[in-house]
1. In square nanometres and to one decimal, what's the mean projected area of the convex hull around the Cα atoms of the chain?
2. Between Ile188 and residues 5 or more places away or on another chain, which pairs have amide H atoms under 5 Å apart, with H built 1.01 Å from N, and which residues are they?
3. Could you tell me which of Thr54, Gly90, Ala148 has its Cα farthest along the dipole of the chain towards the positive end, charges placed at Cβ (Lys, Arg +1; Asp, Glu -1), taken about the Cα centre?
4. Which three lengths, in whole Å and largest first, does region 2-56 cover when its Cα atoms are put on their principal axes?
5. Over the chain, what is the percentage of antiparallel beta bridges among all DSSP beta bridges, to the nearest 5?
6. In whole Å, what are the extents of region 55-108 along the principal axes defined by its C-alpha atoms, from largest to smallest?
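Just so you know, all these numbers are worked out from the coordinates, no wet-lab data involved. Since this is a predicted model, take the numbers as computed values, not measurements. A quick note on method: Cβ atoms are made from the backbone with ideal geometry, for glycine too, and the neighbour counts reach across all protein chains shown.
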Amino acid sequence: MLEIKNLSYITDDGAEILRNVSLTVDERFTAITGPNGGGKSTLAKLIAGLYDPTEGQILLDGVDITHMSITDRARLGVSFAFQQPVRLKGLKVKDMLRLAYGKDKKRIDYCSFLSEVGLCANDYINREIDASLSGGELKRIEIAMALARGTKLTIFDEPEAGIDLWSFQNLIRVFEKMYEEHQGSIIIISHQERILNIADTIVVMKNGELAQAGPREEILPGLLGSTTREACGVLLGKMGGEK
């Protein structure tokens, strides 16, 4: 279980990005949505340890991880997938999958992880993670790495971005498979209605604050209203690359 208590974040130049956010995540899928600049990605990066909060606490299964390093959080079972995956010249896809898997590295099934995200292992396993890969390919490889890790908490920042040529239903199936195999919680930052439709809980961020949070069946109908839709930036039926 993830507990966020009175979390705030102010940048070095004094900009207040997040104010007094409190939230509990103990479901399969939690979707965080809201307008651009509302604080969604900042909240995700605070949980992952990419930013250090100004105030408040972050607890994972009762352990205070508020000021832990990214490495220590990873050891406790936190994974983060970037909206724009990084390119790592010199490292091959198989190297990254092996690192993510972290178990018996001789028995890792590269083909299984890559095929889950619509990639052929023979074509990609020895590719370098560099400029030769498209943004969509990088995104799929990063999702495959998250599958390989299988952690107790996985955070995806707009995972649908850049995968227009891949079946959206396959992306949802990957999330479901992650939960079935590892029983970990998944937090997804998204404007996409089809993502919100699979969430157990929907969190709406606006102006750096928690505007709404609750079960999908309570929150989603309001988001689909025309006025709220514009306010929250929910893009019905569109892929991330079309925002």
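1. 13.0
2. Placed amide hydrogens put Thr30, Ala31, Ile32, Phe156 under 5 Å from Ile188.
3. With unit charges placed on the Cβ atoms, the residue in question is Gly90.
4. Projected onto its principal axes, the Cα set of region 2-56 covers 37, 23, 18 Å.
5. Taking every DSSP beta bridge with both residues in the chain, the antiparallel ones total about 55 percent.
6. Taking the Cα atoms of region 55-108, the three principal extents are 39, 28, 15 Å.
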